[in-house]
């Protein structure tokens with residue numbers, strides 16, 4: 001066992017042993033070689049099912065990096081320009097009372113969380129988030145909360161709705177299908193990386209839970225941006241993460257299901273392989289020395 005593997009295993013065993021973590025995985029690649037592949041604890045405390053290397057986790061905002069990779073793939077192929085308006089690819093995006101302003105919002109601003117559209121429909125429910133048509137219609141009519149590009153505000157959910165629709169309008173395929181066909185398959189992680197999971201992998205998905213609240217952390221005011229991006233009625237987030245209907249729905253901002261091994265495979269370029277940055281240089285977002293706006 002390598003020193004890195006042993007150290008990682010010791011750390012996560014300590015975390016699960018002391019009850020700080022319930023179950024987790026850690027993986028890392030170095031020059032294309034899997035040098036850390038560790039797991040510990042329980043995937044489902046109710047049944048006693050343990051975590052192993054093939055356990056899948058809802059990875060929340062790690063999904064954004066996978067979605068952004070698809071955007072960079074289209075840009076590298078010349079199908080998308082970061083500095084073009086979103087409305088060029090999705091004309092209905094520039095609708096509603098603020099149509100003129102929205103016509104100026106660029107793909108880069110969506111990637112960089114400066115588009116001014118982090119908020120969700122009033123009274124949105126967890127089931128409502130799974131309704132792609134409703135979310136698309138909302139974004140088309142929504143008014144930005146600030147002048148596009150003026151400030152950064154985390155688009156926790158709408159990042160995926162906006163970029164996912166841009167991708168679909170350009171390519172004709174959904175984010176999940178492109179990920180499956182052009183990222184997961186070439187990298188050999190087709191069974192461990194999903195935006196929209198197959199039902200046959202449900203038995204491998206970990207059950208999520210929330211940690212106890214930390215009384216030392218102050219509660220943000222109710223008018224804080226976080227409560228516009230993720231309203232209180234959507235909390236606690238682990239409830240949605242345990243919903244099989246959410247597992248099969250493509251949620252390109254927060255609903256990816258993957259193992260640590262698969263996520264590390266995407267994020268770990270192999271400089272020994274062909275191309276400057278990795279085994280699959282056609283999609284790796286930093287190829288050519290031009291960093292993408294989001295990872």
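The values are calculated or read from the model by the stated rules, or taken from the named source; none is laboratory data. It should be emphasised that the depicted structure is a prediction, and the values quoted were computed from it without experimental measurement. Note that each Cβ is placed from the backbone with ideal geometry, even for glycine, and that neighbours are counted across all protein chains shown.
Find the residue count for region 69-106, including only residues that are touching a strand residue (DSSP E or B) at 6+ places or on another chain (Cβ under 8 Å) and farther than 14 Å from residue 138 by Cα.
Number of matching residues: 9.
Taking region 15-43 as the search range and keeping residues that are outside any strand (DSSP E or B) and touching a strand residue (DSSP E or B) at 6+ places or on another chain (Cβ under 9 Å), which one is farthest from residue 261 (Cα to Cα)?
17
How many residues, within region 72-94, are surrounded by fewer than 17 Cβ atoms within 10 Å (Cβ to Cβ) and within 20 Å of residue 144 (Cα to Cα)?
Of the residues in that region, 4 qualify.
Answer yes or no: is there a residue in region 101-108 that is free of Cβ contacts under 8 Å to residues at least 12 places away in the same chain and either outside any helix (DSSP H, G or I) or in contact with a helix residue (DSSP H, G or I) (Cβ under 9 Å, 6 or more places away or on another chain) (or both).
No: region 101-108 contains no residue that is free of Cβ contacts under 8 Å to residues at least 12 places away in the same chain and either outside any helix (DSSP H, G or I) or in contact with a helix residue (DSSP H, G or I) (Cβ under 9 Å, 6 or more places away or on another chain) (or both).
Taking region 170-211 only, how many residues are farther than 18 Å from residue 52 by Cα, in a helix (DSSP H, G or I) and out of contact with any strand residue (DSSP E or B) (no Cβ under 9 Å at 6 or more places or on another chain)?
Qualifying residue count, region 170-211: 8.
Please state which of the following conditions residue 166 fails to meet, knowing it meets all the rest: (1) under 16 Å from residue 132 (Cα atoms); (2) buried (at least 19 other Cβ atoms within 10 Å of the Cβ); (3) within 15 Å of the chain's Cα centre (by Cα).
(3)
Among (1) farther than 19 Å from residue 261 by Cα; (2) under 20 Å from the mean Cα position of the chain (by Cα); (3) surrounded by fewer than 22 Cβ atoms within 10 Å (Cβ to Cβ); (4) at pLDDT 95 or above, which single condition is residue 209 missing?
The single condition residue 209 does not satisfy is (4).
Residue check, residue 248 against (1) touching a residue at least 60 places away in the same chain (Cβ under 8 Å); (2) crowded, with 16+ Cβ neighbours inside 10 Å, all met but one. Which one?
Going through the list (1) touching a residue at least 60 places away in the same chain (Cβ under 8 Å); (2) crowded, with 16+ Cβ neighbours inside 10 Å, residue 248 breaks only (1).
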